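*Asks:* Just dropping this structure here.
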Amino acid sequence: MGVSAIEALRRLQEGNRRFCTNVISSDALATRSRREELAMSQQPFAIVLGCSDSRVPAELVFDQGLGDLFVIRVAGNIVAPSQVGSVEFAASRFGTRLVVVLGHTQCGAILATIEALQQPSGDQSRNLRSIVERVRPSVETLLHTDLRHDPEALVRAAGRANIRASANHLRHGSRILEQLIQDDGLVVVGGEYSLESGVVEFFDGVPDSG
């Protein structure tokens, strides 16, 4: 029997507390015996779709080791078909029941999207534009509110809106994931890592008993 979503979330919360207090678990160490144990199979207890930012490695901020997390990283923690497929693969193949969309404060993809919307330019590559276009819906509506006059608040709100959008895309943009949510206890939550404090706050889709 695999780890339930609620238990997986508890493990991540406990691991993040260890990370923030500099009490690192020995289980996170990459020992030879652990490598050998995982050589033929794996059973990660959580799937993390996170940002590629070098300051937010999921295994470190959650104090987890080899084989614990199935991590997908992309700038802006956006959801495109390849990311959906990766989540589908892990959830179906390994029975992993928790998916975390992990964003972070001061995200460069959010800043780049705000800049692109406020000061349009043709200098971006087609590939970078594809990331901006995924983030755009989360930012665009906020630019029509009073937040446009407060850059720091705008970035904070846009970052969280983008996390929610990515989590919702996973919940409702895949027949496979929808079925796993309905029938098999799959849970998709959104969390934000603070670059300043090291704390991950889970704020979207968190189960009541989590």
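The values are calculated or read from the model by the stated rules, or taken from the named source; none is laboratory data. Just so it is clear, the structure is predicted and the values come from calculations on it, not from any experiment. A quick note on method: Cβ atoms are made from the backbone with ideal geometry, for glycine too, and the neighbour counts reach across all protein chains shown.
*Asks:* Looking only at the range 109-123, count how many residues are touching a Lys or Arg at 6+ places or on another chain (Cβ under 8 Å) and over 23 Å from Arg73 (Cα atoms).
*Replies:* Qualifying residue count, the range 109-123: 1.
*Asks:* Would you pick out the residues in the range 147-175 that are more than 12 Å from Val99 (Cβ to Cβ) and of a type in the set (A, V, I, L, M, F, W, C)?
*Replies:* Leu147, Ala153, Leu154, Val155, Ala157, Ala158, Ala161, Ile163, Ala165
*Asks:* Which pairs have Cβ atoms under 6 Å, sit 6 or more apart or on different chains, and link a residue in the range 59-77 that is closer than 22 Å to Val199 by Cβ to one that is of a type in the set (Val, Ile, Thr) and modelled with pLDDT of 95 or more?
*Replies:* Close Cβ pairs (under 6 Å, with a partner that is of a type in the set (Val, Ile, Thr) and modelled with pLDDT of 95 or more) amount to Leu69/Val48; Val71/Val48; Gly76/Val135; Asn77/Val101.
*Asks:* A further question follows. Please enumerate the residues belonging to the range 120-131 that are part of a helix (DSSP H, G or I), more than 21 Å from Leu195 (Cβ to Cβ) and either touching a His at 6+ places or on another chain (Cβ under 6 Å) or not polar (S, T, N, Q) (or both). Steps first, answer last, please.
*Replies:* Taking the range 120-131 first, the residues part of a helix (DSSP H, G or I) are 126-131.
From the residues that got through so far, the ones that are more than 21 Å from Leu195 (Cβ to Cβ) too are 126-130.
Within the range 120-131, Arg126, Leu128, Arg129 qualify.
*Asks:* Mind checking which residues of the range 64-91 are in contact with a strand residue (DSSP E or B) (Cβ under 6 Å, 6 or more places away or on another chain) and not hydrophobic (A, V, I, L, M, F, W, C)?
*Replies:* Arg73, Asn77, Gln83, Ser86
*Asks:* Follow-up. Scan the range 159-184 and report the pairs whose first residue is part of a loop (DSSP other than H, G, I, E, B) and whose second residue is of a type in the set (A, V, I, L, M), with Cβ atoms within less than 8 Å and a gap of 6+ or a chain change.
*Replies:* Every condition considered, the pairs that remain are Gly173/Val79; Gly173/Val84; Ser174/Val84; Ser174/Val87.
*Asks:* Of all residues being touching a strand residue (DSSP E or B) at 6+ places or on another chain (Cβ under 8 Å) and polar (S, T, N, Q) in the range 92-137, which is surrounded by the most Cβ atoms within 10 Å (Cβ to Cβ)? Just the residue, please.
*Replies:* Ranking the qualifying residues of the range 92-137, first place goes to Thr96.
*Asks:* Determine which member of the set Ser33, Ser54, Ser41 is at pLDDT 95 or above and either of a type in the set (Gly, Ala, Ser) or over 24 Å from Arg171 (Cβ atoms) (or both).
*Replies:* Ser54
*Asks:* Also, quick follow-up: Can you pull out every residue in the range 142-152 that is surrounded by 12 or more Cβ atoms within 10 Å (Cβ to Cβ) and either touching a residue at least 60 places away in the same chain (Cβ under 8 Å) or outside any loop (DSSP other than H, G, I, E, B) (or both)?
*Replies:* Passing the criteria: Leu142, Leu143, Leu147, Arg148, Pro151.
*Asks:* The conditions are (1) in contact (Cβ under 8 Å) with a residue 12 or more places away in the chain; (2) closer than 30 Å to Arg93 by Cβ, and Asn127 fails exactly one of them. Which is it?
*Replies:* Checking Asn127 against (1) in contact (Cβ under 8 Å) with a residue 12 or more places away in the chain; (2) closer than 30 Å to Arg93 by Cβ, the one that fails is (1).
*Asks:* Could you say whether any residue in the range 137-144 is closer than 20 Å to Phe202 by Cα and modelled with pLDDT under 95?
*Replies:* yes
*Asks:* I've got another one for you. Among what's in the range 186-210 and is acidic (Asp, Glu) and modelled with pLDDT of 95 or more, pick the residue that is surrounded by the most Cβ atoms within 10 Å (Cβ to Cβ).
*Replies:* So the residue we want is Glu192.
*Asks:* I'm trying to understand the selection: among the residues of the range 51-91, which are of a type in the set (Phe, Trp, Tyr), buried (at least 17 other Cβ atoms within 10 Å of the Cβ) and not in a loop (DSSP other than H, G, I, E, B)? Break it down stepwise before answering.
*Replies:* The initial filter retains those residues of the range 51-91 that are of a type in the set (Phe, Trp, Tyr), namely 62, 70, 89.
Retained after the next criterion (residues that are buried (at least 17 other Cβ atoms within 10 Å of the Cβ)): 62, 70.
Answer for the range 51-91, where residues must be of a type in the set (Phe, Trp, Tyr), buried (at least 17 other Cβ atoms within 10 Å of the Cβ) and not in a loop (DSSP other than H, G, I, E, B): just Phe70.
*Asks:* Using beta carbons and a limit of 9 Å, which pairs, at least six apart or on different chains, have the first residue in the range 8-28 and within 23 Å of Gly95 (Cβ to Cβ) and at pLDDT below 95 and the second one crowded, with 20+ Cβ neighbours inside 10 Å and of a type outside the set (A, V, I, L, M, F, W, C)?
*Replies:* So the pair list comes out as Asp27/Asp63; Asp27/Gln64; Asp27/Asp68; Ala28/Gly15; Ala28/Asp63; Ala28/Gln64; Ala28/Asp68.
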